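The values are calculated or read from the model by the stated rules, or taken from the named source; none is laboratory data. Since this is a predicted model, take the numbers as computed values, not measurements. Cβ placement follows ideal geometry from the backbone for every residue including glycine, while neighbour counts extend to all protein chains displayed. These area figures cover heavy atoms from the full protein model, side chains too; ligands, DNA and RNA do not enter into them. Shrake-Rupley method; radii C 1.70, N 1.55, O 1.52, S 1.80 Å.
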Amino acid sequence: MGRAADGEEARTAVPVYPRERAVCGGVGCLSIPDRHHILAETYQKQFIEEGKCVWVYDKEVGKPFPTQPKNSTVRTGFNTALLPDGSLDKASMETFFSRLETEYPQAIDQFRTGFQTSERIDYAIAFMQFQAARSPLIRKFMTEMLLGFTPDDESFLKLLQVDSVGVELLHRARSGDEDAKTKIGLHSTQHIVEGVSKALKGVWYRPIRIVSPIPLITSDSPVTYFAIKKKRGKLQAGLPLVGSRILCFFPLARDIILFGDTERPPFDKLTYDRPSQVSKSIALVKRLNAISALNAERSIVAPSEKSLRKALSSIANKTPNEATLFEMYNQLAKAALRENSVHWD
């Protein structure tokens, strides 16, 4: 059965943002690492095909290479927060994400059996939303929006209830401090998650198990969602505005997609549980892989060198502009709607 992220269900699906201070001090205190993952390590492990490594394409390095998930999509200080007293907190967000990630292997194991529960789907939705909030591109977008729309005047910012840390970070960012720009995105995590949740309100989700010679890949921007409509008989993708029909895709593992659609499933199909869908659609995998690769800010992660090179080949000479992405979304939507027909008929 599908699962809707709406109303009370949507709220319970989103864990509480950690506000507690988790800093360590004193003799004998363990050092806190400042190498932080963009893609959760437990998440990346689900994309290993054999051995202990995933294959990564780093756009700055410019070539594919194998590495263990513990060393993949890692950046220094990515989740290090600024505290009101001026000190740095390396632990709170990392601790929070670690707690969220604990159930992930068990959830994927259950989905692979074909058995699904509302609780597991809710968990997968929450995991997806927080993984979206870790995206460097979404953090950059949030930072640019705040810098563009918030006033320079400090007293006015306080009237808007921007806390002292926010005021300090905005001031530093406007002075050209790149680290401050990163931290604005981090400090906006709760707002980002709420924004993603609102954009995807009313989406019905289900896991789709992939049986295909081509495995799924992922990237540091792993969540794809957009609106669709029919215009003159043709499918047309667009911005996910309120009231539009929205499709959402998140590769949970090399062989599982979390798929969402705001169009409610047939009523008679919601009166009983059914095993999760099994799909042999090569088109669905290829088109989602291409979008994952093109949307990556820097890192593309795949189960094998072959699958990584296939994804890179599919986006050769393409740039992530609006026209290109919407055309790719159209093709992905067609493949997904064919799978809808198969599943609900």
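Using the Karplus relation 6.51 cos²θ - 1.76 cosθ + 1.60 with θ = phi - 60°, the per-residue 3J(HN,Hα) values for segment 177-183 come to 6, 5, 5, 5, 4, 5, 6 Hz, with x marking Gly and Pro.
Excluding the sites themselves, what is the longest stretch of the chain that contains no GluC sites (Glu not before Pro) in a DSSP loop with at most 10 other C-beta atoms within 10 Å? The answer is 61-345. If one puts a single equal scatterer on every Cα of the chain and applies the Debye formula without solvent, what log₁₀ I(q)/I(0) results at q = 0.08 Å⁻¹? For the chain, the Cα-only Debye profile gives -0.39.
Among N289, N330, N317, which one shows the highest mean-square fluctuation when the chain is modelled as a Gaussian network with alpha-carbon springs under 10 Å? Comparing N289, N330, N317 in the GNM, the peak value goes to N317.
Here the accessible area is traced with a 1.4 Å probe on the protein chains. For segment 194-345, carbon and sulfur cover 52 percent of it. Cα-based values for segment 176-321, radius of gyration first and Dmax second, are 17.2, 57 Å. In the context of the full set of protein chains, the chain has a per residue accessible area of 49 Å² (1.4 Å probe).
Considering the chain as a Gaussian network with a 10 Å cut-off on Cα pairs, which listed residue, D163, D220, D58, attains the greatest mean-square fluctuation? Fluctuation is largest for D163.
When segment 282-337 is described by a simple charge dipole with +1 on each Lys and Arg Cβ and -1 on each Asp and Glu Cβ, the residue from A293, A336, A283 located farthest towards its positive end is A283. Accessible surface of segment 50-138, 1.4 Å probe: 52 percent of it comes from carbon and sulfur atoms.
Using only C-alpha atoms and all pairs of different ones, pull out the Kirkwood radius for segment 299-345 in Å with one decimal. About 12.7 Å, per the Kirkwood formula over Cα pairs. With the biggest extent put first, the Cα atoms of segment 125-217 measure 57, 28, 18 Å across the principal axes. Counting only Cα atoms, the size of segment 54-142 along its three principal axes is 47, 39, 24 Å, in decreasing order.
3J(HN,Hα) along segment 311-322: 5, 5, 5, 5, 10, 4, 6, 10, 10, x, 8, 4 Hz, from the Karplus curve 6.51 cos²θ - 1.76 cosθ + 1.60 with θ = phi - 60°, whole Hz, x for Gly and Pro. In percent, rounded to a whole number, the relative contact order of the chain is 23, using alpha-carbon pairs under 8 Å and six or more apart. With contributions of -39500 (n - 2.57) from each DSSP H run of at least four residues, the per-residue ellipticity at 222 nm computed over the chain stands at -13000 deg cm²/dmol.
Run through the DSSP bridge list for the chain and note the antiparallel percent, rounded to the nearest 5. Roughly 95 percent of the beta bridges in the chain run antiparallel, per DSSP.
Split the chain at each of the trypsin sites (Lys or Arg not before Pro) in a DSSP loop with at most 10 other beta carbon atoms within 10 Å, and the longest piece is 20-231.
If you bin all the Cα-Cα distances of segment 235-325 at 10 Å, starting from zero, the percentages per bin are 12, 40, 33, 13, 2.
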